[in-house]
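To start, the structure under review is shown below, and the notes come after it.
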Amino acid sequence: MDKMDLRRCSKCVMPETHETIFFDQNGVCNVCKQHEYKHEKVDWAAKEKEFSEIVNRFKGTGKYDCIVPISGGKDSTFILYTMIKKYKVRPLVVSYDHNFYRPHHIANRDRILRELGVDFLIYRSNPAVVKKTMLESLKRKGDFCWHCHCGVFAWPMQIAIKYKIPLLIWGESAAEYTSYYDFDNPEDQDEKPFNVYINLGITADDMHGMLDGTVDMRDLAPYKYPKLKDLKSIGYRSICYGAYHPWDVRGQVETIKNELGWEVDEVEGIPDKYWYTKLECMMSGIRDYLKFIKRGFGRTAQLTTDDIRAGSLSRDEAIKLVRAYDGLKPASLPVFLEYLGISEDEFNEIALQHVVSPWQCDIKSLKQGKELWDQKHWGLTRSGQKGA
Ligand SMILES: [Zn+2]
């Protein structure tokens, strides 16, 4: 079937296959309704005050005032900048490195950290273990990023305990793009969301069992959410900046470009006006492709939806972009397949097992996308280096 045959929200372009979506009698989706509420009814001044109070409570109580976990992408860079300049904290900056940061991104991140002058702790997990978990979670959930979802959220919590830094400041609130939570009930970034939507329903112990003894439980330690009693023993608080401040992607990007010289980069499979998002990861093209096979939409639908909700793009323009970009076959696919050691047919077969009804994907009909300028420098595979 054609992607445009899916039922889509009458305000944004999100289709019926998006997780947690439902439509009202006018065909408007629940997340659009939530955003109207965000703009009209949330008392952001009160929320910001609450945020300040939380931050001040922890200030000066230890070697660091808080942990700011970063990838170096637009969101975490903006939050780090704001926490230092506006909230005047002394942070420990931590980063879980999923193994797939692109070269330009690493240079960008390091230059900014140098400029901001912060202590930085980075953890890059064992690629051999990562590879095994990727194949396993791809097969089981149609999502190969289990290690990244878990590492990004669990490892900084372990560091909080280890270094006794109770306050963690995360980025966007999940209320921005799903309805697992709403703006009246901002979630703390703790065990609950971790188990609800972050870890794909697979704990580190589950993964250990699935991998049939080929990986030691110690190898999976970075992906294990700490015990609640250990977190409570340091009096932890783990909050999303976006739950206390109105989230303004384009404004935030402008701030870090102007104030820090943060640079954008080409991103696979999306219009160039969005080349500020997910530019850090080699795998983002493959993730979007999988999402398209499973749900009939990719990141162009999501990004244009954000712009429609922010009032900066018409629905007609969004539909044009979705038609042109969603569902392009990424030029990085051969690199990914060689890296995981599977054939394209095997990949397709796995992906098709996770298709969300009523979507039906005709993979063979998808058009080829353009290769990123740096793909030949990724060094993930020997032949990948020569270009796919
Ligand atoms: Zn909508």
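The values are calculated or read from the model by the stated rules, or taken from the named source; none is laboratory data. Everything numeric here is computed off the predicted structure, so don't read it as measured data. Neighbour counts run over all protein chains shown; Cβ positions are idealised from the backbone, glycine included. We work out accessible area using only protein heavy atoms, side chains counted, and drop any ligands, DNA or RNA first. Shrake-Rupley method; radii C 1.70, N 1.55, O 1.52, S 1.80 Å.
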Inset, instruction - Please turn the phi angles of segment 281-292 into ³J(HN,Hα) values with the Karplus equation 6.51 cos²θ - 1.76 cosθ + 1.60 (θ = phi - 60°), one per residue in order, whole Hz, x for glycine and proline. - result: 10, 4, 8, 5, x, 5, 4, 5, 5, 4, 4, 5
Inset, instruction - Quickly work out the LYS370-to-TRP44 label distance, labels modelled 7 Å from Cα along the C-beta direction, and quote it in nm with one decimal. - result: 3.4 nm
Inset, instruction - Please list, in chain and number order, the residues 5+ apart from ARG124 or on another chain whose amide H is under 5 Å from its amide H, with Hs placed from the backbone. - result: ASP97
Legend entry - For segment 189-262 versus segment 104-140, the gap between their alpha-carbon centres in whole angstrom: 14 Å
Legend entry - Note, ³J(HN,Hα) from phi for segment 367-380, Karplus 6.51, -1.76, 1.60, rounded to Hz, x at Gly and Pro: 7, 6, x, 8, 6, 5, 4, 9, 3, 6, 9, 5, x, 6
Legend entry - Cα gyration tensor category, rounded, prolate or oblate, for segment 1-153 with a/c compared to 1.5: oblate
Inset, instruction - For segment 29-59 and segment 321-365, write down the distance between their C-alpha centroids in whole Å. - result: 38 Å
Inset, instruction - Taking H placed 1.01 Å from N in the peptide plane, check which residues at least 5 places from SER238 or on another chain put their amide H under 5 Å from its amide H. - result: LEU168, GLN189
Inset, instruction - Might you tell me the accessible area per residue for the chain, computed with a 1.4 Å probe and given in Å²? - result: 44 Å²
Legend entry - Estimated dipole of segment 44-243 in Debye, rounded to 20 [Cβ of Lys and Arg +1, of Asp and Glu -1, Cα centre]: 700 debye
Legend entry - LYS131-THR61 FRET efficiency (beta carbon distance; Förster radius 51 Å; 0.05 resolution): 0.80
Legend entry - Long-range amide H partners of TYR163 with built H, under 5 Å: none
Legend entry - segment 44-243: Cα Rg divided by the 2.2 N^0.38 Å rule of thumb: 1.03
Legend entry - Positive-end extreme of charge dipole, the chain - chosen from VAL253, ASN26, PRO69 (charges on Cβ): PRO69
Inset, instruction - Identify the residues of segment 94-120 with backbone N under 13 Å of a label point that sits 7 angstrom from the Cα of LYS257 along the Cα-to-Cβ direction, or state none. - result: none
Inset, instruction - Using only alpha carbon positions, build the gyration tensor of the chain, then give the equivalent ellipsoid semi-axes as the square roots of 5 times its eigenvalues, largest first, whole angstrom. - result: 31, 27, 21
Inset, instruction - As a check on your grasp of the helix formula, calculate [θ] at 222 nm for the chain: sum -39500 (n - 2.57) over DSSP H runs of n ≥ 4, divide by the residue count, round to the nearest 500. - result: -12500 deg cm²/dmol
Inset, instruction - Using a 1.4 angstrom probe on heavy atoms only, work out the carbon and sulfur share of the accessible area of the chain in %. - result: 49 percent
Inset, instruction - Using θ = phi - 60° and the Karplus relation 6.51 cos²θ - 1.76 cosθ + 1.60, list the HN-Hα couplings for segment 192-206 in order, rounded to whole Hz, with x at every Gly or Pro. - result: 5, x, 4, 7, 7, 9, 8, 8, 6, x, 10, 7, 4, 5, 4
Inset, instruction - Provide the net charge surrounding CYS150, with neighbours chosen by a C-beta distance below 13 Å and charges set as Lys +1, Arg +1, Asp -1, Glu -1. - result: -4
